1. Scan region 115-139 for residues that are touching a residue at least 24 places away in the same chain (Cβ under 8 Å) and over 22 Å from ALA68 (Cβ atoms) and report the count.
2. Given the conditions (1) surrounded by 15 or more Cβ atoms within 10 Å (Cβ to Cβ); (2) part of a helix (DSSP H, G or I), which single one is not true for LEU127?
3. Does ALA86 satisfy the condition of being of a type in the set (Gly, Ala, Ser) and in contact with a Gly (Cβ under 8 Å, 6 or more places away or on another chain)?
4. Test ARG135 against the criterion of being surrounded by 16 or more Cβ atoms within 10 Å (Cβ to Cβ) and either of a type in the set (Lys, Arg) or at pLDDT 95 or above (or both), and give yes or no.
5. What tally of residues in region 140-162 results from selecting those that are touching a residue at least 12 places away in the same chain (Cβ under 8 Å) and more than 15 Å from the chain's Cα centre (by Cα)?
6. Return the total of residues in region 56-91 being within 17 Å of the chain's Cα centre (by Cα), surrounded by fewer than 16 Cβ atoms within 10 Å (Cβ to Cβ) and small (Gly, Ala, Ser).
7. Among the residues of region 152-173, write down those that are of a type in the set (S, T, N, Q) and either at pLDDT 90 or above or crowded, with 17+ Cβ neighbours inside 10 Å (or both).
8. Can you tell me which residues in region 17-34 are in contact (Cβ under 8 Å) with a residue 24 or more places away in the chain, in a helix (DSSP H, G or I) and either surrounded by fewer than 14 Cβ atoms within 10 Å (Cβ to Cβ) or not aromatic (Phe, Trp, Tyr) (or both)?
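The values are calculated or read from the model by the stated rules, or taken from the named source; none is laboratory data. Predicted, not measured: the structure shown is a model, and the values here were computed from it. Heads up, the Cβs are rebuilt from the backbone with ideal geometry, glycines too, and the neighbour counts pull from every protein chain shown.
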Amino acid sequence: MRDLPPPLPPAERTVGQLIGETIRAFGAHFWRLLPIGIPLAAVDQASVHRTALEQLGIYYLAAPFVTAAYVYACSVVLEAKPTATAFWLGLAIYLPFPVLRAFYVLPAIAWFAFVGLAVPACLVERLSFRAAFTRGRRLGRADLAHALGSLAALVLVVVVAEITLQRLLHSQSDASERAALALADVVLSPLLYIGGALLYHDQAARVGSAAHADVHPPLDADAAGRPDAEGQP
């Protein structure tokens, strides 16, 4: 069998490769990252057969736990020490999410694509609250299509995989449908946090590429006036 081609550098990484790297990172830190799936699993369990207003309240009650899970995932994947600043920043960014999700999931994903990278930026670059928020917006704008497409693809992959796993577990055992959903959430939802952490590298590299693209190499002042070597005495 032929060896797989090496992955592209972050500045050129595609959505598909980001998902592949997300799965690889989860496998490399499986037992450390598995518990971060518990908050979303609990939210899904508590939201079953609830009204839209009740679901909104559940998502807000879960805000500290979801935020802590994201900060922890970023610290593990990016090898950066978690900080209180990153937690409070993540919590502030999370607050509009339940309302946006109540209308439609795409605006919520777009919000995270635009500013969500402030949290890994805060950890990796050791920034203050305000500086990290500004940096997060800059990272999001570096290639908004890539950021939005990556997060949307991750959500789609997780949802499809959860539905498949839920049906498989429910059909192969006596477990209830809700128990199957909980297990699927715990196992698969960490991919959302991990993918968001790895997206930081992609967007940071794109910010650097854009900056270098605006800098043209200086002209060789001697190139035009240099005499032809064959014409020299």
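1. 1
2. Going through (1) surrounded by 15 or more Cβ atoms within 10 Å (Cβ to Cβ); (2) part of a helix (DSSP H, G or I) one by one, LEU127 breaks only (2).
3. So ALA86 does not fit the description; no.
4. On the way: surrounded by 16 or more Cβ atoms within 10 Å (Cβ to Cβ): yes; either of a type in the set (Lys, Arg) or at pLDDT 95 or above (or both): yes.
So ARG135 passes the test.
5. Residues meeting the conditions: 2.
6. 0
7. The one that is of a type in the set (S, T, N, Q) and either at pLDDT 90 or above or crowded, with 17+ Cβ neighbours inside 10 Å (or both): GLN166.
8. LEU18, ILE19, GLU21, THR22, ILE23, ALA25, ARG32, LEU33, LEU34
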